[in-house]
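Here's the structure we're looking at; comments come further down.
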Amino acid sequence: MDSLTQIVLGAACGEAVLGKKIGNKALLFGAIGGTIPDLDVIVGGIIHQNKIDAMLFHRGFMHSILFSVLAAFFFGWLVFKFYNTKKRIDTTSQSDWVRLFFWSLLTHPILDCFTPYGTQLFAPFSNYRVAFNNIAVLDPLYTVPFLVCIIVLMFFKGTSVKRSIWLKWGIGISSVYMLFTVVNKLYIDSVFRSSLAEKEIEYYRYSSNPALLNNILWYGIAETKTGYFIANYSLLDTKSSFINFVELPKQRDLKPEAYQDIKDLAWFSNGYYSVYKMEDNNYQYNDLRYPLLDDKDPNSSVFKMKLFKEGGRLNMIPFEPESRDFKAAIANLWERTKGI
């Protein structure tokens, strides 16, 4: 999920492990631990000159269980050596710090698993991306109450019972909301399947995920032999059905057989993608797991990138939407969420 959410969750882990011993410092170190996996964005850019490789590095090994274990021992040992000075001798143990970093590191990729983006939890042994698709990468209803509880507990002493109570409230409220999104996902999938049957669409797989910022508006995509059918549904709609189905062609102006980079991007998108040749002889890659900004334009994907040939393979320019397009998309999102 977004960086702020991971910071809050990491801080909560730090508080749970060391809050009674070192107070608000536990929140700080937990937040640092919760941020470390996302540093793979920087690490990937350093290791890989190719932008596709750098993007695929994100949510890879540094988001795995193995990394959480190894990094917990390393950072636990490192921080303990610096923290355990004369003034603070024996106030904490190395095992305390290992446990703090283990939980703050591990909860990060686990939380990411609930998003459509997914994460390679079992790397390097498997590149399978775990993605439950039940919550958006940015959802204020999960983050804000959690954040408020963490901020409030900061004003109490480390040994205060009230500090523990506010921590439990923060974890409890966010967990209950996450459980709601899981149940909601199961319901949405049943609605999508029935909607496809009602439209007599013959498909062999499908996917659904919530729109950005909420768990009310959902986007569904079903794959057929020749293309994809997309539609959306709001819990506030008068009818329990996905509406306005739009068919998208399986456009493949660059073939996976010709470029390993297309195979890699297709893996990244779980096979829901299209590639269009542009007027400048470059190509646009659309990740169709995410909605279109304009249902009438198959190239208006929220998640798209420009591809170009370089040195016998492909490279990319990440998509950066114009501010007016982003504002219009948010406005349309809000209107559609209110239901039809």
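The values are calculated or read from the model by the stated rules, or taken from the named source; none is laboratory data. These figures come from a predicted structure and were not determined experimentally. Positions of Cβ are generated from backbone atoms using ideal geometry, with glycine treated the same way; all protein chains shown enter the neighbour counts. Areas reflect the complete protein model, heavy atoms only, side chains present, ligands, DNA and RNA absent. Shrake-Rupley method; radii C 1.70, N 1.55, O 1.52, S 1.80 Å.
The single condition among (1) at pLDDT 95 or above; (2) of a type outside the set (Lys, Arg); (3) more than 21 Å from ASN270 (Cα to Cα) that THR91 does not meet is (1). Would you check if ARG289 is more than 22 Å from the chain's Cα centre (by Cα), of a type in the set (Lys, Arg) and surrounded by 13 or more Cβ atoms within 10 Å (Cβ to Cβ)? When the stated conditions are applied, ARG289 does not pass them. Exactly one condition in (1) at pLDDT below 95; (2) assigned to a strand (DSSP E or B) is false for ASP280; which is it? Unmet condition: (2). Scanning the stretch 261-286 for residues that are free of Cβ contacts under 8 Å to residues at least 24 places away in the same chain and open to solvent by less than 20 Å² (accessible area, probe 1.4 Å) yields a count of 4.
Among the residues of the stretch 15-69, the one identified as of a type in the set (D, E, K, R) and at positive phi is ARG59. Identification of helices (runs of 4 or more DSSP H) wholly contained in the stretch 1-109 with 2 or more residues that are under 27 Å from ASP287 (Cβ atoms) and out of contact with any Cys (no Cβ under 9 Å at 6 or more places or on another chain) yields 3-22, 40-47, 51-57, 65-83. Looking at GLY34, GLY23, GLY19, just one residue is open to solvent by less than 20 Å² (accessible area, probe 1.4 Å) and under 27 Å from the mean Cα position of the chain (by Cα), and that residue is GLY34. From the list LEU105, LEU138, the lone residue that is at pLDDT 95 or above and in the same structural domain as ALA31 (by the TED database) is LEU105. The criterion of at least 2 residues that are in contact with a Ser or Thr (Cβ under 6 Å, 6 or more places away or on another chain) and within 20 Å of LYS296 (Cα to Cα) is met, among strands (runs of 3 or more DSSP E) falling completely within the stretch 175-261, by 217-223. Annotation: SER195 fulfils all but one of (1) assigned by the TED database to the domain that holds ASN133; (2) buried (at least 20 other Cβ atoms within 10 Å of the Cβ); (3) closer than 23 Å to SER234 by Cβ; the unmet one is (1).
Whether any residue in the stretch 323-331 is touching a helix residue (DSSP H, G or I) at 6+ places or on another chain (Cβ under 7 Å) and in contact (Cβ under 8 Å) with a residue 24 or more places away in the chain is what I want to check. No. Cβ-Cβ contacts under 6 Å between residues 6 or more apart (or on different chains), taken from a first residue in the stretch 154-171 that is modelled with pLDDT of 95 or more to a second residue that is among the aromatic types (Phe, Trp, Tyr) and surrounded by 12 or more Cβ atoms within 10 Å (Cβ to Cβ), are listed as LYS162/PHE156; ARG163/PHE156; GLY170/PHE146. In this structure, does ASP53 turn out to be surrounded by fewer than 18 Cβ atoms within 10 Å (Cβ to Cβ) and not polar (S, T, N, Q)? Judged against the criteria, ASP53 is a match. Whenever a residue of the stretch 113-132 is free of Cβ contacts under 8 Å to residues at least 60 places away in the same chain, its partners that are in a loop (DSSP other than H, G, I, E, B) and of a type in the set (Val, Ile, Thr), lying with C-beta atoms within less than 7 angstrom and at least six residues away or across chains, give the pairs TYR117/VAL137. SER68 versus (1) in contact (Cβ under 8 Å) with a residue 60 or more places away in the chain; (2) surrounded by 21 or more Cβ atoms within 10 Å (Cβ to Cβ): which is the lone unmet condition? Looking at each condition in turn, SER68 falls short on (1). Residues in the stretch 150-174 that are out of contact with any helix residue (DSSP H, G or I) (no Cβ under 7 Å at 6 or more places or on another chain) and assigned to a helix (DSSP H, G or I): ILE151, VAL161, LYS162, SER164, ILE165, LYS168, GLY172.
Given the criteria modelled with pLDDT of 95 or more and more than 19 Å from LYS51 (Cα to Cα), does TYR272 qualify? The answer is yes for TYR272.
Every condition in (1) at pLDDT 80 or above; (2) of a type in the set (Phe, Trp, Tyr); (3) part of a helix (DSSP H, G or I) holds for TYR290 except the one numbered (3). Just so you know, in the stretch 229-242 the residues that are of a type outside the set (Asp, Glu) and more than 23 Å from the chain's Cα centre (by Cα) include one that is most open to solvent (accessible area, probe 1.4 Å), and it is THR238. Tell me which residues, restricted to the stretch 112-133, are in a loop (DSSP other than H, G, I, E, B), polar (S, T, N, Q) and within 10 Å of HIS63 (Cβ to Cβ). Across the stretch 112-133, the qualifying residue is only GLN120.
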